[in-house]
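Colleague: Submitted below is the structure of interest, expressed as structure tokens.
Read the figures in this text as sums done on the coordinates, not as results from a lab. Computed from a predicted structure; not experimentally measured. With ideal geometry, Cβ positions are generated from the backbone for all residues, glycine too; neighbour counts draw on all protein chains shown.
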Amino acid sequence: MPTLANSVGNGRRLSGLLALLVIAALLGGAGAGLALEGFRSGGELAGFDAYLRRVTAFTLWQAALSTLVSVLPAILFARALHRHPNFFGRRFALALLAAPLALPAVVAALGVLALWGRAGLLAPVLASLGDGAWPGVYGLSGILLAHAFFNLPLAARFLLAALDTVPADQWRLARQLGLSPLQTFRLVEWPALRRALPGVGALVFMLCLTSFTIVLMLGGGPAATTLEVAIYQALRFDFDPLRAAQLTFLQVALAGGFALLLARLGVAAAGEAAPSVSRRQLGAIGPGETALNALILLLGLGFVAGPLLAVARAGLAADLLRLFWEDPVRQAAATSLVLAFVSAVLATILALALASGGARRGGRLGMRGTGAALVLAVPPVVIGAGWFLLLRPRSAAVLGPAFLVASVNALMALPFAARAVQPAWEAAASRHDRLCRSLGLRGWNRWRIVDWPVLRRPLLMALSFSAALSLGDLGAIALWGSDRFQTLPFLLLSRMGSYRTADAAGLALILGAACLALVLLSDQLGRRDAEA
Amino acid sequence: MRPAFLAICTAAFLAVPAQAADLTIYTYESFTAEWGPGPQVEKNFETQCRCDIRFVSVADGVALLNRLKLEGENTEADIVLGLDTNLVAEAEATGLFRPHGVEPQGLRVPGGWTNETFLPFDYGYFAVVYDSEQVKAPPASLKELVEGGPDAEKIAIQDPRTSTPGLGLVLWVRAVYGDRAPEAWAKLNERVLTVTPGWSEAYGLFTSGEAPMVLSYTTSPAYHRIAEGNERYKAAPFSEGHYLQVEVAGMTAKGAGNPHAKAFLAFMTGPGFQDVIPETNWMFPAGRTEKPLNPVFQDLVEPEKTLSFSPEEVAADRKAWVDEWLEAMSR
């Protein structure tokens, strides 16, 4: 039935193309705005001087190391989480993994320092290990620590999702063959992990590559400077849109190069052609492995929860009741939630369209996932400034600042959403395409009967991660925010900037709690479906 | 979806049409916050002029100038309020401002005021603020701060590439050390805990106890004393003098055609505006006041000498001085 198959393919390819067009338009518009302004003001392209060379080298070095220290432990952590699907508090622990995403970098950095800092909780212990007083973690170690705090949980969550795609039949087979834990890892778990690693690695790499506040605040001095700092400087203090665009281009090129490298390490998904028939049941776990996993889980959760607890403790000291009843706080909370909801839906739709447009077995599977992550190498503030310049004759108010912020946030969340949706979509496509074709199932019916049930949970995960990310965003809002259009992080920074540290801490707690609630809610929705 | 939620969504996503106001003032965020000077100033001026003013606020002074550059001649601003003297030359170079034409009475900015485009509304001095529970012998001069060595109490400073106080410290060191500034920075580097992108991050490190000293303003302790009843944080007087920061406002080309704009600038240097400043913006009033200053302000560090460069000097050398800082601090 070649015609039927083609008609299915065309519709999907069209939606993928449409999604690409939306992304290209958003980025292209910004680029056009910057370039136009650059040439209008007679700017010239700057050379690649010694300063830029040093900054580029440091940017790459810290991003590569940060990726390593985030992703490698995440493999162990995700595996331990996967092997123990029923321990007490597991659902809450999983929700906790999304919480760092919603925290503004400065809040997270202060949380990390509350533990590891010069005057941190662990300082006495660390001081007794070395000689003299604990100097704090400033320098590369501090940057790595904070990046791991942000990205280890993220990587673990996505790797866990990858492990969940291992068909139940493989587990049954492993059990029947009596494979040892090591053999199981090598033959069952590793292939799934390896498929996901390039994408997850690229995602983490992008996030560390474009890190700004963390790098400056914990880097200890300007020797630790990333390209993102240079971009910000070009746009802010020097107001040189052309240079900003140029540096952004350099950053995207670096990110692209790394993504390519990673994609070569990955393998194309072989896909499981037959739908699973057996119930999901993992092999028995010996006491030794249980103890080891417990230790890994304890360390991993402690590492993530420690700074979060410090943030929560500082927040509880604030006058939360008064904060809740303040009009600006309630308005900002409403704005934040609406924006997060809209941009998460947008990002998820885009991710779904991209996945469906490109789903063909074999080939450059790894590349598409990592390609989406490239969007992250474009700083939101650059997109914002570009659009501002492009719309200038009629002022940004024409399109509505909320619309622009939501679109930019959606774009930034897209790589996360794509990460969540794509593997599941590919697995589903390779499992069901033939069956659907032979049954003549397509369009809405196929979606309702075949795709929706398997994609519901990944889609909800995409939604909740995108929402968490948008909730914490400070990039787009920095340009379009005003006293009439504020989000919670915007309000938080504004309080922090006028001595109201306690208010800021309280807002951070509210922000984190809102994020947890969102993630738990989406988890609940996904679960209800699984039980139905 | 619930109808209420739907309503919020629609409201947020429809372009909010610019409300017709008689006077539009661009300023920074903390000016218009409910605890800032904005609300009171708005009330006072509106009773005087029987007109309606609208504030549009962005993050800070630098963002303010950038917003103006982004909008160019299409800006809706009549008045831009909240640039500091270091940005004045650059702001004038945009060609978007017009002379204010106001003869202000009773300006009291240290060093006097002659600029014809911008008028000052408040001023303050940069200072090293310390936690008296952690620092028993605070530095008495910039020299003592610089030469403290690696074992002395650490300080959190801001990056001059991204923040106004950061640039302030670069200018301060330059004003005291002149061409020997790079050596001073190399020494001070041993004492710097970290360099943050902005004031908030450094001050957060300070109030969380992580940094015992921070670069801030002589007026910072006034906030803690008046608003929190807390005497723990103090500013250290430096014998070489303190670097001055003056905040100014100016009128755009659009504002030049609006009679309320000039009236506002005249109002700004008088008591209806100036009385509000000290305990909302935590700076010193630059014009005539009627209410006496809170006694806490009398206790603050009063610099023996005021240090400052002209806007033109800053505009000409800023880049070289920041590069110098970068070079010395990157080792």
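Colleague: Which far-off residues, 5 or more places away or on another chain, put their amide H under 5 Å from the one on B:TYR28, with H placed in the peptide plane?
Modeller: B:VAL58
Colleague: Which of the helices in chain B meet the span-like rule: DSSP H, Cα axial reach of 30 Å or more, Kyte-Doolittle mean at least 0.0?
Modeller: Taking the DSSP H segments of chain B (at least 30 Å long, mean hydropathy at least 0.0), we get none.
Colleague: Show me the helices of chain A, taken as full DSSP H stretches, that run 18 Å or more along their long axis by Cα and average 1.0 or above in Kyte-Doolittle hydropathy.
Modeller: Correct list, ordered by number: A:140-164, A:190-209, A:241-265, A:287-316, A:327-358, A:452-471.
Colleague: Give me the inter-chain shielding for A:218-224: mean count of other chain Cβ atoms within 10 Å, whole number please.
Modeller: 6
Colleague: Can you give the mean number of other chain Cβ atoms that lie within 10 Å of the Cβ atoms in peptide A:502-512?
Modeller: Average neighbour count from other chains, rounded to a whole number: 1.
Colleague: So which lysines pass the test for B:LYS262, namely a Cα distance under 19 Å, with those fewer than 8 places away in the same chain ruled out?
Modeller: Those lysines meeting the cut-off are B:LYS43, B:LYS254.
Colleague: Within 10 Å of each residue's Cβ, count the other Cβ atoms and sort B:SER141, B:SER308 from fewest upward.
Modeller: Ranking B:SER141, B:SER308 by Cβ neighbours within 10 Å, fewest first, gives B:SER141, B:SER308.
Colleague: Take the alpha carbon gyration tensor of region A:199-256, find the square roots of its eigenvalues, order them as a ≥ b ≥ c, and report rounded if a/c is under 1.5; if not, report prolate when a/b exceeds b/c, else oblate.
Modeller: The shape class here is oblate.
Colleague: Using packing as a proxy for protection, rank A:73-80, A:327-334, A:197-204 so that the peptide with the highest average count of other Cβ atoms within 10 Å comes first.
Modeller: A:197-204, A:73-80, A:327-334
Colleague: If you don't mind, another one. Taking R0 as 60 Å, what FRET efficiency do you get between A:LEU18 and B:LYS291 from their Cβ-Cβ distance, rounded to the nearest 0.05?
Modeller: Computed FRET efficiency for A:LEU18 and B:LYS291 comes out at 0.45.
Colleague: Moving to a separate point now. What is the distance in Å between the Cα centres of region B:286-309 and region A:74-91?
Modeller: Their Cα centres are 60 Å away from one another.
Colleague: What order, most packed first, do the peptides A:412-419, A:246-253 have when packing is the mean number of other Cβ atoms within 10 Å of each residue?
Modeller: Going by the mean number of other Cβ atoms within 10 Å, highest first, we get A:412-419, A:246-253.
Colleague: Rounded to the nearest 0.05, what FRET efficiency do A:PHE87 and A:LEU439 give with R0 = 35 Å and r taken as the Cβ-Cβ distance? Could you check?
Modeller: According to the calculation, E is roughly 0.30.
Colleague: How many angstrom lie between the C-alpha centres of region B:204-248 and region A:473-507?
Modeller: Distance between centres, Cα-based: 22 Å.
Colleague: Related question: Going highest first, how would you order B:113-121, A:458-466, A:446-454 by mean Cβ packing within 10 Å?
Modeller: Peptide ranking by packing, descending: A:458-466, B:113-121, A:446-454.
Colleague: Determine the gain in length on full extension of the stretch B:GLU103-B:ARG331; use 0.36 nm per residue of separation and subtract their C-alpha separation, reporting nm with one decimal.
Modeller: 77.1 nm
Colleague: Between A:LEU177 and A:LEU521, what is the FRET efficiency for a Förster distance of 51 Å, r being their Cβ-Cβ separation, to the nearest 0.05?
Modeller: Once the sixth-power term is evaluated, E becomes 0.80.
Colleague: A follow-up question, please. Out of residues 5 or more away from B:TYR243 or on other chains, whose amide H comes under 5 Å of its own, with H placed 1.01 Å from N in the peptide plane?
Modeller: B:PHE126, B:LEU307
Colleague: Looking at the square roots a ≥ b ≥ c of the eigenvalues of the Cα gyration tensor of the protein assembly as shown, which shape do they give, rounded for a/c under 1.5, prolate if a/b is larger than b/c, or oblate?
Modeller: Since a/c reaches 1.5 and a/b is larger than b/c, the shape of the protein assembly as shown is classed as prolate.
Colleague: Within a 10 angstrom radius of the beta carbon, how do B:HIS260, A:HIS147 rank from fewest other beta carbons to most?
Modeller: Ordered by Cβ neighbours within 10 Å, fewest first: B:HIS260, A:HIS147.
Colleague: Could I ask something else about it? Gaussian network model of chain B, Cα springs within a sub-10 Å range: biggest mean-square fluctuation belongs to which of B:THR27, B:THR218, B:THR75?
Modeller: In this elastic network of chain B, the residue with the biggest mean-square fluctuation among B:THR27, B:THR218, B:THR75 is B:THR75.
Colleague: Roughly what would the spin-label model give for B:LYS305 and B:ALA253, points 7 Å off Cα along C-beta, in nm?
Modeller: 4.3
Colleague: Using a 10 Å cut-off on Cβ to Cβ distances, tally the other chain neighbours for every residue of B:29-37 and report the average as a whole number.
Modeller: Across the residues of B:29-37, the mean count of other-chain Cβ atoms within 10 Å is 5.
Colleague: Setting aside same-chain residues fewer than 8 positions from B:LYS187, which lysines have a Cα under 26 Å from its Cα?
Modeller: Output for B:LYS187: B:LYS136, B:LYS143, B:LYS154, B:LYS234, B:LYS305, B:LYS319.
Colleague: Which of the three applies to region B:180-331, rounded, prolate or oblate, going by the alpha-carbon gyration tensor with a ≥ b ≥ c and a/c under 1.5 meaning rounded?
Modeller: In terms of gyration-tensor shape, oblate.
Colleague: Let me ask something else about it. Within the set of other residues whose C-beta is less than 13 Å from the C-beta of B:THR207, count the net charge using Lys and Arg as +1 and Asp and Glu as -1.
Modeller: -3
Colleague: Could you put B:TYR123, B:TYR223 in order, starting from the residue whose Cβ has the fewest other Cβ atoms within 10 Å?
Modeller: Lowest to highest Cβ neighbour count: B:TYR223, B:TYR123.
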